[in-house]
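Readers should treat all values here as calculations from the given coordinates under stated rules, not as data from a laboratory. Small disclaimer: the values here were computed from a predicted structure and weren't measured. Glycine gets a Cβ as well: all are built from the backbone with ideal geometry, and neighbour counts include every protein chain shown.
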Amino acid sequence: MTLENDRFLRALARQDVDRTPVWMMRQAGRYLPEYLRVRKQAGSFMDLCRNRDMACEVTLQPLERFDLDAAILFSDILTIPDAMDLGLYFVQGEGPMFKRPVRDAAAINALKAPDAERDLDYVMNAVSTIRRELNGRVPLIGFSGSPWTLATYMVEGGPSKDFRHVKGLLYGDPAALHQLLETLATAVTDYLNAQIRAGAQAVQIFDTWGGALSTPAYKAFSLAYMEKIVRGLIREHDGRRVPVIVFTKNGGQWLESIADIGADGVGLDWTTEMGDARARVGDRVALQGNLDPSALFGSPKVIRDEVARILESYGPGNGHVFNLGHGISQFTPIENVQAFIEALHELSPQYHRG
Ligand code: CP3
């Protein structure tokens with residue numbers, strides 16, 4: 001099937017584009033009133049994820065409002081531990097929680113990687129429904145959490161500020177943590193490959209909590225497992241390359257190492273300067289980012305200035321996918337998102353030839 005808008009895939013392949021492509025992490029979600037209406041109809045967030053038509057509807061919602069260059073599957077990174085029977089539930093204001101956290105070697109031993117096509121079939125159904133409804137407008141991004149980030153939720157039993165349980169395991173029983181990460185790397189590889197077979201045209205690995213680790217711990221407990229996943233992914237499907245983006249929040253200091261694991265793109269949060277990042281990775285990978293999501297609380301003028309600054313920092317030429325440096329806040333005024341996308345459309349063509 002032909003793709004009407006392939007800017008996002010071209011930028012990841014470091015090919016020329018007419019303007020810098022853009023999508024936003026968490027682009028479907030609570031800042032959109034139409035999302036809140038569908039979630040209410042579904043009953044809960046997980047019910048929404050499990051309903052292919054509703055998951056498709058909310059995936060397309062941001063594309064109806066804004067001229068974005070990619071869609072991202074509506075789902076969550078915690079579908080894998082949910083399929084491992086940890087008892088996922090959401091508490092208003094506290095975030096995701098697990099009824100049965102995995103705290104020791106015995107619990108880790110008992111875990112098995114889910115069979116994605118069987119145990120997470122609702123995700124694959126959502127992917128194929130979205131692909132059909134997109135009808136070639138823009139590419140569809142699939143995603144997963146990194147093994148380390150999934151492990152933080154599974155071991156802590158919910159969100160954490162200090163990661164004391166999972167870091168307790170890291171320093172107290174590293175072999176057990178390695179076993180958990182090994183199981184998760186197998187699960188993530190299988191999950192992403194199933195999404196690709198179902199129709200995902202690019203995939204992103206969210207390593208939200210990699211930046212909480214020391215440098216050697218990051219390399220051994222997060223990056224090594226993402227490298228393993230990248231090496232195990234289907235890289236060509238339906239005659240087209242399927243690019244992989246790796247995003248470690250707060251991973252700017254490890255950029256060169258991240259660029260070496262074989263991914264096509266590296267996501268940056270807002271703390272690393274685009275131009276410096278580009279100089280450091282050269283033409284090894286494309287870069288994605290990195291507007292501070294909080295800039296969307298500024299005026300349209302401030303937003304435009306920030307977009308201009310980031311485009312200028314990256315400089316002319318290919319290999320840049322514009323994005324936020326992390327997920328969009330649920331409190332973001334919608335007109336400011338519009339101002340962001342308009343500024344990018346107006347300012348970015350001058351950085352590309354033709
Ligand atoms: O980008 C997209 O639009 C695709 C959908 C998406 C969601 N979660 C939907 C969602 C993606 C890519 C994610 C990834 C995710 N989920 C991450 C990694 C990315 C990041 O932001 O760092 C993490 C850490 C999670 C775990 C998770 N799920 C959290 C922390 C929350 C918020 C809980 C809360 O109460 O604030 C969720 C739930 C969730 N996932 C929501 C959405 C739209 C909100 C659910 C709701 O409607 O109430």
- request: Go ahead and collect, in residue order, the members of the range 87-127 whose backbone nitrogen is under 19 Å from a label point 7 Å along the Cα-Cβ direction of A175.
  value: 103-111
query: Residue separation times 0.36 nm, minus the C-alpha to C-alpha distance between Y89 and K219: what's the value?
result: 43.7 nm
- line: Quick P(r) readout (the chain; Cα-Cα; 10 Å bins; whole %) gives 5, 26, 36, 26, 7, 0
- request: Under 20 Å from a label point 7 Å along Cα→Cβ of D67: give me every residue in the range 1-23 with its amide N that close.
  value: 3-12, 16-23
- request: Quote to one decimal, in nm, the extra length available between Q350 and L60 on full extension: 0.36 nm per residue of separation minus the C-alpha distance between them.
  value: 101.5 nm
query: Once the Cβ-Cβ distance between E342 and R30 is put in as r, and R0 is 30 Å, what FRET efficiency do you end up with, to the nearest 0.05?
result: 0.85
field: the chain - mean residue ellipticity at 222 nm from DSSP helices (-39,500 (n - 2.57) per run, n ≥ 4, rounded to 500)
entry: -13500 deg cm²/dmol
Where trypsin sites (Lys or Arg not before Pro) fall in DSSP loop in the range 1-80, at most 15 other Cβ within 10 Å: R30
query: What does the charge dipole of the range 49-194 about its Cα centre add up to, to the nearest 20 debye, if the Cβ of each Lys and Arg holds +1 and the Cβ of each Asp and Glu holds -1?
result: 180 debye
query: By how many nm would the segment from E236 to V302 lengthen if fully extended, with 0.36 nm per residue of separation less the alpha-carbon distance?
result: 19.7 nm
- request: For the chain, return all DSSP H helices satisfying: extent of Cα atoms along own axis at least 27 Å; mean Kyte-Doolittle hydropathy at least -1.0.
  value: 174-198
Karplus (6.51, -1.76, 1.60) ³J(HN,Hα), θ = phi - 60°, over the range 96-113, in Hz, Gly and Pro reported as x: x, 9, 10, 5, 10, x, 10, 10, 9, 4, 5, 5, 5, 4, 7, 7, 10, 4
field: Estimated distance in nm for a label pair at D16 and E335, the labels positioned 7 Å out from Cα along Cα-to-Cβ
entry: 3.9 nm
statement: PRE zone check, label point 7 Å out along Cα-to-Cβ of S44, amide N under 16 Å, scope the range 138-173, hits 158
